[in-house]
Amino acid sequence: MQSVNRIILEEDPFNETFSLQEMGQFGVWPARWLKFPDDSSQQEVLYFKLDFNLDADEKIRIHVSGDERYRLFLDGALISQGPSRGDNANWFFKTYDLNLSKGQHVFVAQVWRLGDLAPFAQIKGETGFVLAAEDSFSEILNTGIAPWQVKQAGGYRFRMNDITWGPCFDVIIEGREFDWEGKNGKGTGWHNAIVDDYARSGRDYTMMIPKNQLHPDSLPDMLYNELVAGKVRHVDIPDTVQTWKSRVMGVNNLSDEMLKWQRMITDCRPVTVAANQVVRVIIDLEDYYCAYPVLVTDGGEDAMVRISWAESLFEQSRYDHINNPKSNRNEIEGKFFVCVGDEFYPDGSADREFEPLWWRAGRYIEILVKTSDQPVTIKNFNLRETRYPLEMESQFVCEDERINEIIPLMVRVMQMCSHETIMDCPYYEQLMYAGDTRLELLTMYCMTGDDRLARKAIKMFAAGFDASGFTLSNYPSRRKQIIPTFSIWWIGMVYDYALWRGDSEFVSSFRPHIHCVLDTFLQNIDQKKQLLTATNGWNFVDWVPSWTFGVPPQAMPGQTNSVLNLQLVLGLEYASQIERWVGDEELADYYDSKASKLLDSIIKNFWCKENGLLADDLEKTFFSEHAQILAILSNNISQEFAEVLGASMFGRNDIPKATISFTHYYFEACYKLKNEEAFNERLELWFSLKEQGFKTTFEEPGNSRSDCHAWGAHPIYHFFATILGIRPMDFGFAKCAKHPLGTGLKINAARLLDIECTPELKTAVS
């Protein structure tokens with residue numbers, strides 16, 4: 001970036017003047033952040049604008065970011081929104097090349113901060129908006145140099161919802177107060193913007209970290225596509241606007257009204273709701289979507305239109321995923337629409353377009369209209385779908401139609417959980433968890449050659465490293481949560497990337513973090529028993545119904561459990577191989593020695609000869625598939641002993657079974673022991689999804705909270721890596737195994753991408 005030759009750094013205590021070259025050494029941008037006028041406000045939405053004139057047609061490169069979120073409009077058209085989620089040391093900016101015609105133009109940035117109501121994954125900063133243009137255009141466009149103006153964007157209110165945990169907020173837009181001309185840079189109330197610190201991509205000479213340290217965004221823009229979707233399933237006049245208390249009953253359905261609303265959705269034919277009426281419309285999108293709902297109204301002063309979303313309907317009128325079942329996801333009769341959503345209040349004018357600040361997720365939409373003394377016309381209701389541009393570029397086809405039918409569900413769940421970060425679920429949390437993400441990245445490696453989201457995920461967990469010595473369980477996040485076991489799975493993420501993609505420089509950059517995680521675990525080895533004592537934190541392993549909050553027996557802090565010990569064995573083995581790949585044989589031998597010694601202690605203390613299983617606890621009271629699975633997957637265990645454990649585990653029904661996520665490791669054990677019968681039997685869980693009405697894979701057994709949880713997409717990985725047996729055996733796919741499990745699924749055709757760094761793959765697949 002270039003700008004004027006000399007700029008005074010006013011925040012410098014010595015008031016020194018730096019040349020542009022010297023500024024570049026400190027990563028200083030030739031632009032400054034524009035600031036929120038009211039630093040005390042928790043929730044605020046602003047418009048920043050710049051009117052400018054060009055004397056000729058120009059191609060201009062700009063770099064742009066905002067805090068917390070922004071949308072950038074050029075002459076009223078949306079050209080950018082973001083920033084891609086990160087943290088204060090990893091704040092991302094986008095770069096665009098704009099072809100502008102001669103004449104007058106206007107940039108408008110809508111910028112908002114929500115404070116404590118912001119999604120947990122949204123890190124809070126202290127600035128507002130920054131735009132920097134290159135070459136001579138910096139003087140007429142850059143924030144802090146050009147005459148940018150600002151005004152409050154009225155009409156927004158926010159409230160906490162008590163159903164979702166991570167997204168936090170609902171939006172209420174008051175049409176009477178809303179600035180309908182703001183995004184076009186028109187209207188009154190504009191005044192000079194307040195200028196804050198210089199934007200920086202690096203630290204200054206005092207090594208001070210800037211408020212937001214800017215980095216180029218490695219991700220493409222998220223999709224933002226117009227979508228026409230949905231089948232009207234029900235229209236009624238509810239007894240209350242609290243429709244989550246009103247059971248959906250077919251006898252109340254206004255069948256004559258259904259066609260009107262369907263034509264509004266499909267053909268944009270307006271629907272008018274008379275004065276002093278209440279009507280509810282339930283739409284089945286017939287698939288799962290993440291989208292911005294867009295509503296266009298005429299009239300309707302003092303009316304309310306609420307757009308609510310649900311993954312599926314509940315049997316009872318409350319949110320309680322444990323005791324309130326959803327049953328078949330296709331059914332709505334007799335159920336309750338327990339939901340989250342946004343409210344819009346028209347001001348009585350024509351062509352009022354309402355759109356919330358953040359997208360929603362689910363399969364079902366409820367439109368509730370309540371009019372006052374003036375009728376309201378719903379001119380249009382559509383969706384703008386958003387997600388990461390992830391597509392299934394590989395092929396897997398077989399004569400078993402059950403396989404072919406579940407692949408689209410798993411592709412869809414991957415798409416719905418892939419945004420600016422990978423997400424555990426788009427409806428409830430929108431957080432990136434290490435345990436989930438490892439499985440999702442393995443799946444992604446088999447879907448596409450695009451690994452930009454994978455690289456960001458691995459880097460962000462390293463960026464969120466905690467003083468405890470562990471990665472945070474989910475990151476980016478404003479809430480600190482530690483799941484020690486997920487730090488091991490993060491090491492597994494680095495190991496997987498090394499195998500599937502290579503890039504020694506990238507892999508090596510995480511070695512200090514890997515060493516810290518393992519050193520922290522090793523410091524908790526009881527020297528007498530030579531076993532790991534469970535560390536502080538949530539020692540989650542799997543959503544086993546009989547376990548307490550996913551924690552196996554005797555795995556609370558200070559206790560000793562075999563599953564946690566065996567997971568550490570795998571972590572040490574992953575690290576050993578990573579060290580060998582990058583050339584540190586001495587450290588690799590050290591980790592191998594630790595893994596071997598720990599495994600010997602595990603077998604000595606947990607092996608139960610009577611039933612041929614490793615116990616979960618030292619008293620040998622509790623047993624599970626999980627301990628056997630992790631032991632089988634260890635490189636330090638003999639094939640003979642692994643087969644003994646497998647013979648005792650497979651087909652057994654009297655011990656806790658691996659649920660959806662941990663079944664990935666169960667499938668890996670099936671592959672290692674070549675047990676196709678056990679693999680096929682456990683795959684039945686996925687075969688049952690369609691008949692239960694699922695459009696995506698779910699979170700846990702029983703009354704699953706989330707209907708859309710991407711850790712359940714891992715069978716895509718296993719179709720290639722296990723059924724076909726195509727998997728890397730050395731760094732960057734330098735060696736490729738092709739050892740099919742031989743499930744008898746009658747494969748007709750299968751193709752795995754010739755992904756980056758894998759020249760041998762085509763030969764292996766053919």
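The values are calculated or read from the model by the stated rules, or taken from the named source; none is laboratory data. Predicted model, so just to flag it, every value in this text is computed and none were measured. Counting neighbours? That spans all protein chains shown, and the Cβs are built from the backbone with ideal geometry, glycine included. To get the accessible areas, we keep the full protein, side chains included, count just its heavy atoms, and leave off ligands, DNA and RNA. Shrake-Rupley method; radii C 1.70, N 1.55, O 1.52, S 1.80 Å.
For the reader, a short list of remarks on this structure follows.
- Projecting the Cα atoms of F381, H105, M410 onto the dipole axis of the chain, where Lys and Arg carry +1 and Asp and Glu carry -1 at the beta carbon, places M410 farthest toward the positive end.
- Compared with the dominant Cα axis of the chain, that is its longest principal axis, helix 663-673 is turned about 30°.
- For region 351-423 versus region 260-281, the gap between their alpha-carbon centres in whole angstrom: 21
- Prolate/oblate/rounded call for the chain, Cα gyration tensor, a/c under 1.5 rounded: oblate
- Accessible area (Å², 1.4 Å probe, nearest 10) - Y433: 20
- Among the chymotrypsin sites (Phe, Trp or Tyr not before Pro) in region 444-550, those placed in a DSSP loop whose Cβ has at most 14 other Cβ atoms within 10 Å are F549.
- What the phi angles of region 430-436 give under the Karplus curve with 6.51, -1.76 and 1.60, with θ = phi - 60°, is a coupling list of 6, 10, 9, 9, 5, x, 5 Hz, glycine and proline written as x.
- Three-way shape call for region 60-135 based on the alpha-carbon gyration tensor, with the a/c threshold at 1.5: prolate
- Sorting the segments 563-570, 687-694, 630-637 by their mean number of nearby beta carbons within 10 angstrom, highest to lowest, gives 563-570, 630-637, 687-694.
- Protection proxy ranking, peptides 275-281, 247-253, average beta carbon neighbours within 10 Å, highest first: 275-281, 247-253
- Computed over region 186-280: relative contact order in percent, which uses C-alpha pairs under 8 Å that are six or more apart: 23
- Å² per residue, accessible surface of the chain at 1.4 Å: 38
- Loop-located chymotrypsin sites (Phe, Trp or Tyr not before Pro) in region 176-223 (DSSP state not H, G, I, E or B) with no more than 14 neighbouring Cβ atoms inside 10 Å: Y205.
- Counting heavy atoms of the protein chains alone, C268 has an accessible area of about 70 Å² for a 1.4 Å probe.
- Accessible-area composition of region 482-534, carbon plus sulfur, in percent [1.4 Å probe]: 47
- Take every DSSP beta bridge whose two residues both sit in the chain; close to 95 percent of them are antiparallel.
- Whichever lysines have a C-alpha closer than 29 Å to that of K94, once near sequence neighbours (fewer than 8 apart) are set aside: K35, K49, K59, K102, K124, K151, K183, K186, K211, K456, K459, K480
- When +1 charges are put on Lys and Arg Cβ atoms and -1 charges on Asp and Glu Cβ atoms, the dipole computed for region 398-444 relative to its Cα centre reaches about 120 debye.
- Packing rank of 337-347, 94-104, where each peptide gets the mean count of other beta carbons within 10 Å, highest leading: 337-347, 94-104
- Annotation for region 408-504: trypsin sites (Lys or Arg not before Pro) lying in DSSP loop with at most 16 further Cβ atoms inside 10 Å of their Cβ are R478, R479, K480.
- Solvent accessible area, Å² - D57, 1.4 Å probe, full protein context: 110
- Calculated [222 nm] ellipticity per residue, helices only, for the chain: -7500 deg cm²/dmol; basis is -39500 (n - 2.57) per DSSP H run with n ≥ 4, divided by all residues, nearest 500.
- Against the criterion of solvent-accessible heavy-atom surface with a 1.4 angstrom probe, D298, D75 sort, most first, into D75, D298.
- Crossing angle, helix 639-649 versus the chain [Cα axis fit, 0-90 degrees, rounded to tens]: 70
- Global geometry of region 669-712, whether rounded, prolate or oblate, following the gyration tensor of its Cα atoms and the 1.5 cut on a/c: prolate
- On Cα atoms only, tilt of 511-522 relative to the major axis of the chain in degrees: 50
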